[in-house]
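Each value in this text was obtained by applying a stated rule to the coordinates, not by laboratory testing. Just so you know, these numbers come straight off a predicted model, no measurement behind them. Neighbour counts are summed over all protein chains in view; Cβ atoms, including those assigned to glycine, are modelled from backbone coordinates with ideal geometry.
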Amino acid sequence: MTEETWASGIGAYRAEIDGIDEKVIEAIALRFAAARKIAELKGKWAKPVVQIERARQVEQSYIELGSHLSLSKEFMSRLYHLIHEETCRVEADIVRLQQASEDDAEID
């Protein structure tokens, strides 16, 4: 095997990974778009950003799905917490802006 053969082979796999990564990022963006809609409803109905039981259910579903796909429980839990933390930040910002807008409307 030559260096050129190795470089060509790994290049093909890297291109495959790049394409998959693009799809992962697009899927995450879709998830955040849905979370923004949920945040608007939470703000409108004065519901808390974090709903503990729902958070537990979602983490468990990550772990179970990951297990079926040979992904470790630890990795899936870390992935869930990373996404959940950012989702909560985004939702909290939206709810805060919504409340500020309502407060401003009451003043006018």
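Before moving on, here are some points about what is shown:
- Residue tally, condition loosely packed, with under 13 Cβ neighbours inside 10 Å and in a helix (DSSP H, G or I), over region 59-85: 11
So that you can scan it fast, the table gives a plain yes or no per residue for (1) within 12 Å of the chain's Cα centre (by Cα); (2) of a type outside the set (Val, Ile, Thr); (3) assigned to a helix (DSSP H, G or I):
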{"residue": "VAL49", "(1), (2), (3)": "no, no, no"}
{"residue": "GLU53", "(1), (2), (3)": "no, yes, yes"}
{"residue": "THR87", "(1), (2), (3)": "yes, no, yes"}
{"residue": "ALA92", "(1), (2), (3)": "no, yes, yes"}
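- Restricting region 1-56 to residues that are in contact (Cβ under 8 Å) with a residue 12 or more places away in the chain and of a type in the set (Gly, Ala, Ser), the residue that is surrounded by the fewest Cβ atoms within 10 Å (Cβ to Cβ): ALA55
- Qualifying residue in region 72-84 (condition: within 23 Å of GLU102 (Cα to Cα), touching a residue at least 12 places away in the same chain (Cβ under 8 Å) and out of contact with any helix residue (DSSP H, G or I) (no Cβ under 7 Å at 6 or more places or on another chain)): no
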